[in-house]
1. State whether one or more residues within the stretch B:266-275 are within 10 Å of another protein chain (Cβ to nearest Cβ) and either touching a strand residue (DSSP E or B) at 6+ places or on another chain (Cβ under 8 Å) or more than 11 Å from residue B:117 (Cβ to Cβ) (or both).
2. Being surrounded by fewer than 24 Cβ atoms within 10 Å (Cβ to Cβ) and under 18 Å from residue B:96 (Cα atoms) is the filter here; which residues of the stretch B:132-150 pass it?
3. Any idea which residue in the stretch B:183-196 is farthest from residue B:302 (Cα to Cα), counting only those that are more than 7 Å from chain A (Cβ to nearest Cβ) and touching a helix residue (DSSP H, G or I) at 6+ places or on another chain (Cβ under 9 Å)?
4. Evaluate the following for residue A:333: is it part of a helix (DSSP H, G or I), away from chain B (no Cβ under 14 Å) and surrounded by fewer than 17 Cβ atoms within 10 Å (Cβ to Cβ)?
5. What residue, among those in the stretch A:230-249 that are in a loop (DSSP other than H, G, I, E, B) and closer than 18 Å to residue B:287 by Cβ, is nearest to the other protein chains (Cβ to nearest Cβ)?
6. List every residue pair whose Cβ atoms lie under 8 Å apart, where the two residues are 6 or more positions apart in sequence or sit on different chains, the first residue falls within the stretch B:356-373 and is modelled with pLDDT of 95 or more, and the second residue, located anywhere, is in a helix (DSSP H, G or I).
7. Among the numbered conditions (1) surrounded by fewer than 19 Cβ atoms within 10 Å (Cβ to Cβ); (2) at the interface with chain A (Cβ under 8 Å from one of its Cβ atoms); (3) over 30 Å from residue A:298 (Cβ atoms), tell me where residue B:199 comes up short.
């Protein structure tokens, strides 16, 4: 399937918000479309916790991306007009420097020696990529889920770096329900004996014991999927439909309902494709994020420090992880700061993941906004 | 603190819904108040998954019960008027026969040899206790959470066994969101190496290896608490308040926010006080429950087979585990069956657990209903 990733070398040292620094670090990214002569048509996408920079298929990597139906010629994010960049978050293991990367100081993977990571660092690293591409100001910065929080940090820490912003299913700060969920996900990983305080077998190692926190990662992923979707969607989709006898496992208390099999499928596709320590770092960075830190304890005042021309803020009523009320706070804050803001509240049944599933409504909103720029 | 439990010996064999049977089984229960001469003032309470029969303090056990503020002389469930019975569910380890009990056939604990348990069996066992006390018809049957499902089974399987019913924060069938949560709780226990396929150390055993699924039970309990409460309550209660440095643990990715410490406290009070195999059996029984089985696949038709005179159905808008819409279904079904039904939709912020916390509103509703009987 090829590989469309490019890599940007971050300056050394790359200083981080909470006091650490990285040397020789890099950020993976992909691009679609052409940067125009004035460098004024760039759109940057910041991702959720687990997606890679491969947001859409590419001549060099024809596999479908995680937002395939949104990005391309004639699509909502129209690559015939825009030069689209998607960055793999610093700390994620999809090409950017992360806890599974080799620490040049030791020649060994960082593991838990990776410095404390914040979404401000994710934002700074993404900004460095954009600046490195010769782009002084983005036409639009799009942030989805965790990436929406990174996007707020990006605009606040780099004034004038974006003319417009699309905020998708995100929040201006982590609230206790989301913290509780993520804390429990981290705990499932940390308490798995296979995690070994972060010293599990990162790569197949014939001399190691092969320990890996498969169980913890599976539980974390299933809990994630439960909170990414909605009860309403599942009532329609799974109801109480049972698995056929041959689809069941023979374990005591094993899977019996379709919804259990659906969760298992999600877990199996995730475990061993995402580095557990990287997951822990990004998860905690999400808990730490709070725009109120920049507004003397007030979310509204923090948001008021972000100066852009226009914004669209989208969320869904069925999202239990990033509730609609938090999108409303973002819209109000950006508006108070002087931006022209459109607030789009959708009733998509899919919950937080609606931006990945309800392409019809998200396309209409995002495509419409971008066309009017 | 004494012990106010009484025990009722179930008939041998006690036949169970899914084909198994128990021999020499018993049910623990407690009572408050006096049974009148006509045996017409009995109120039975069926509990959620984890509570014991100790719903309120008692001369023989003065420790506060799990519904202490609701039950007593002059309280909503007025023991000056009613003879109140609370039964420990069959399969629960608080005195009733459960997977941790000795199987008379082997002289060893049942563990996973305990027969498949359904809420219909829980209902049948409770009905046997009531009949054994010489009560032909309850003045009122109250069921909370899982106990509300058991109560529906009780009334359906034993026509004429209750004149009135109070349904509290429950459901006529398990929906996929609740199944997903409970399935993940069971998985956390089953995948804990300390569970040992159910062969963990039930009681302190100096010759055993002491294996116990502490981690799995802790994760299961925390996930439970997350779904028993509500995001709204926690925004007001915990917000983003951090622990004092001396309250934090030194573990990597350890607790930092108050909400994390709150969950840990709940888990510590639960682990080692509830038998893991019993938890698995009752959890799965909850998933299996579906009143539609008695209505040719229709919840409404199933409920229509329950014949009582009056009912009150209560739920809260913030309950994500047993959503208000499911209480509405119960109210509509019982009404269609001919009962006079009051439907009470509360806005208590505490979520599913509101019946244990928002005593003011639940007292008013339940006390008012009972006074009008």
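1. yes
2. Scanning the stretch B:132-150 gives B:132, B:133.
3. B:194
4. Against the criterion (part of a helix (DSSP H, G or I), away from chain B (no Cβ under 14 Å) and surrounded by fewer than 17 Cβ atoms within 10 Å (Cβ to Cβ)), residue A:333 does not qualify.
5. A:238
6. Here the result reads B:361/B:354; B:362/B:354; B:362/B:355, each pair linking the stretch B:356-373 to a residue that is in a helix (DSSP H, G or I).
7. Among (1) surrounded by fewer than 19 Cβ atoms within 10 Å (Cβ to Cβ); (2) at the interface with chain A (Cβ under 8 Å from one of its Cβ atoms); (3) over 30 Å from residue A:298 (Cβ atoms), residue B:199 violates only (2).
To keep it simple, each residue is scored yes or no on (1) surrounded by fewer than 17 Cβ atoms within 10 Å (Cβ to Cβ); (2) over 30 Å from residue B:15 (Cα atoms); (3) at pLDDT 95 or above.
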site: B:81; (1), (2), (3): no, yes, yes
site: B:84; (1), (2), (3): no, no, yes
site: B:90; (1), (2), (3): no, no, yes
site: B:100; (1), (2), (3): no, no, yes
site: B:104; (1), (2), (3): yes, no, yes
site: B:110; (1), (2), (3): no, no, yes
site: B:114; (1), (2), (3): no, no, yes
site: B:117; (1), (2), (3): no, no, yes
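The values are calculated or read from the model by the stated rules, or taken from the named source; none is laboratory data. Fair warning: this is a prediction, and the values are worked out from it, not measured in the lab. Note that we place each Cβ from the backbone using ideal geometry, even for glycine, and neighbour counts take in every protein chain shown.
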